[in-house]
1. Residue 112 versus (1) under 10 Å from the mean Cα position of the chain (by Cα); (2) within 14 Å of residue 48 (Cα to Cα): which is the lone unmet condition?
2. Do you know which residues across the range 51-78 are under 13 Å from residue 108 (Cα atoms) and surrounded by 16 or more Cβ atoms within 10 Å (Cβ to Cβ)?
3. Working only within the range 92-114, note down all residues that are buried (at least 18 other Cβ atoms within 10 Å of the Cβ) and assigned to a loop (DSSP other than H, G, I, E, B).
4. Does residue 24 fit the bill of being surrounded by 14 or more Cβ atoms within 10 Å (Cβ to Cβ) and either at pLDDT below 95 or in contact with a strand residue (DSSP E or B) (Cβ under 9 Å, 6 or more places away or on another chain) (or both)?
């Protein structure tokens, strides 16, 4: 038995020369607690957050600094967008996260977990 938790795709746009932050769906799979407990003892319960950073015209932003913060525990994870504006933050423990983007000459953007 597998329970699935997802963070819906969200889009946050800052005013004027801001960034548009698109966060792809995040999936965390958690095996049933009583199913094969002896084999499940070595499993990790983590997920990932990925997305693309674009400016208001739709052009991708390269080398944007991404910050992913667990809104309940305060843990912080960092990433930088690649040449296609994509970012990926892996091995996140279950929780609610706020994702923010910063890039030179742009107003930052933030998207919160649901």
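The values are calculated or read from the model by the stated rules, or taken from the named source; none is laboratory data. Note that the structure is a prediction, hence the values are computed from the model and not measured. Cβ atoms come from the backbone with ideal geometry, glycine included; neighbour counts cover every protein chain shown.
1. (2)
2. Hits for the range 51-78 are 53, 54, 55, 61, 64, 65, 66, 67.
3. The answer is 103, 106, 113.
4. yes
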